[in-house]
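The values are calculated or read from the model by the stated rules, or taken from the named source; none is laboratory data. Not measured: the values here are computed from a predicted model. Glycine also receives a Cβ, built like all others from the backbone with ideal geometry; neighbour counts cover every protein chain displayed. These area figures cover heavy atoms from the full protein model, side chains too; ligands, DNA and RNA do not enter into them. Shrake-Rupley method; radii C 1.70, N 1.55, O 1.52, S 1.80 Å.
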Amino acid sequence: AGSGIEYSASVYSAASPYEVDGVLEIPGSTRPRRPGPIPVEYPARMSFGMLMRELPFGSSLLLKVFGWRKISSCIREVERQGKSANLFIHNWQLFDEPPMATRDRMLDNILNPLAIPYSFNVLPEFECLLKEHQFGRLDAALAGHRADRDKG
């Protein structure tokens with residue numbers, strides 16, 4: 001909020017960023033499993049059905065599960081289409097967190113076993129991605145989106 005950026009990342013999709021009620025929706029990148037458009041669900045939650053339709057490689061949930069090489073391959077595929085991939089990694093996946101937060105995460109994992117990979121440290125995989133790709137800041141992506149919107 002301090003940067004003045006209003007955005008949402010509650011959707012996973014291969015779609016480009018788009019606006020909903022004046023808020024820019026920047027989907028976490030996915031790779032469709034078969035050709036053709038996939039409807040955007042709002043909000044798009046990680047579910048078994050979604051995993052059958054598309055691989056949400058922009059989610060840090062899958063970085064440890066699939067490994068950095070698979071995620072890197074997905075990034076390159078998106079770039080060949082002239083698009084940018086949108087990835088996110090939670091701070092607790094890179095750095096140690098206080099014991100209370102770790103306990104809370106363990107409880108979340110019991111309630112939602114699909115979230116277990118979020119508790120894995122992905123720093124080595126993230127560092128490999130940083131060596132392989134050039135990443136930009138969210139404010140630059142937002143400025144580019146606004147410039148494209150204002151042209152059209």
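Structure summary
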{"read-out": "For residue 31, residues with placed amide H under 5 Å, excluding near neighbours", "value": "55, 57"}
{"read-out": "Qualifying chymotrypsin sites (Phe, Trp or Tyr not before Pro) for the range 49-152 [loop in DSSP, other Cβ within 10 Å: at most 10]", "value": "95, 135"}
{"read-out": "DSSP bridge pairs, the chain: antiparallel proportion in percent, nearest 5", "value": "50 percent"}
{"read-out": "Rounded accessible area of residue 71 (nearest 10 Å², 1.4 Å probe)", "value": "0 Å²"}
{"read-out": "For residue 18, distant residues with modelled amide H under 5 Å away", "value": "25"}
{"read-out": "The chain: angle of helix 138-151 to the longest principal axis, Cα-based, in degrees nearest 10", "value": "20 degrees"}
{"read-out": "Cross-link reach list, lysines versus residue 131, counting only Cα pairs under 18 Å and skipping chain neighbours closer than eight places", "value": "64, 70"}
{"read-out": "Accessible-area order (highest first, 1.4 angstrom probe) of the listed residues 80, 53, 105", "value": "80, 53, 105"}
{"read-out": "Once the Cα gyration tensor of the chain is diagonalised, semi-axes √(5λ) in Å", "value": "26, 19, 17"}
{"read-out": "Accessible area in square angstrom per residue, the range 9-104, 1.4 angstrom probe", "value": "58 Å²"}
{"read-out": "Protein accessible area in the chain, 1.4 Å probe - carbon and sulfur %", "value": "57 percent"}
